[in-house]
Amino acid sequence: MKNLILCGKARRIYKPDGSNDDINTDYIISGRYKFHIENLQELSKHLFEDIDLEFFKRFKRGDFVVAGRNFGCGSSREQAPLVLKHAGVSAVIAISFARIFYRNSFNIGLPVVECDTSGIEEGDVLKISLTEGIIENETKKKVLHIHPLPKFMINLLKDGGLVEHIKKYKMFKI
């Protein structure tokens, strides 16, 4: 991710009612696991299990999670973005995010992208330039324009998150 060009396949997330809005942190990783499994590798095997039993089977490291509005609502625990990052999710792409999830994602170095996701389908091959603000849907030969991230957010992602950024610049003793 050094050049902030991300490539992978789209993995759409839907709730049992067919909606892809309001995917909460308990859908990302169920509470029955997040309080009993400490190993992030093991925990990541249970991503989206309550709404998509096949997710982990079709997901490959580097793929994107794609959803609708208000992704990451619910609890403010960093476990949800941590497990997504540890599983190898390149970025989460959604129409909008719960603010605390959005901030927690950047804190741990997980890119999140806000855009209209209605034209992105399961399995589409995507290439995202976070610095240029574009998503190339290579499957459909279409380009989506997104707002480029501010330089300080790019730096957080390049450094691996807020704590690593602080360590790198020796802002505080950690």
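Before moving on, here are some points about what is shown:
- Interchain or long-range residues, amide H under 5 Å from Arg12's placed H: Val66, Glu122, Gly123
- Relative contact order %, segment 9-124, counting alpha carbon pairs below 8 Å whose residues are six or more apart: 31
- Whole-Å distance, taken between Cα centres, linking segment 137-166 and segment 14-38: 25
- Our coupling estimate for segment 121-133, obtained by passing each phi through the Karplus curve with A = 6.51, B = -1.76, C = 1.60 and θ = phi - 60°, is 10, 3, x, 4, 8, 10, 10, 10, 10, 5, 7, 8, x Hz, Gly and Pro reported as x.
- Simple label model, 7 Å out from Cα along Cβ direction - Glu121 to Ile166, nm: 4.6
- Share, in percent, of DSSP beta bridges within segment 69-174 that are antiparallel, nearest 5: 65
- For the chain, the fraction of alpha-carbon pairs in successive 5 Å shells from zero, as %: 2, 9, 18, 22, 22, 15, 8, 3, 1, 0
- Sum of side-chain charges, Asn104 neighbourhood, beta-carbon under 10 Å (Lys, Arg +1; Asp, Glu -1): +2
Read the figures in this text as sums done on the coordinates, not as results from a lab. Bear in mind the structure is a predicted one, so any value in this text is a computation, not a measurement. Using ideal geometry, Cβ is built from the backbone for each residue, glycine included, and neighbour counts are taken over all protein chains shown.
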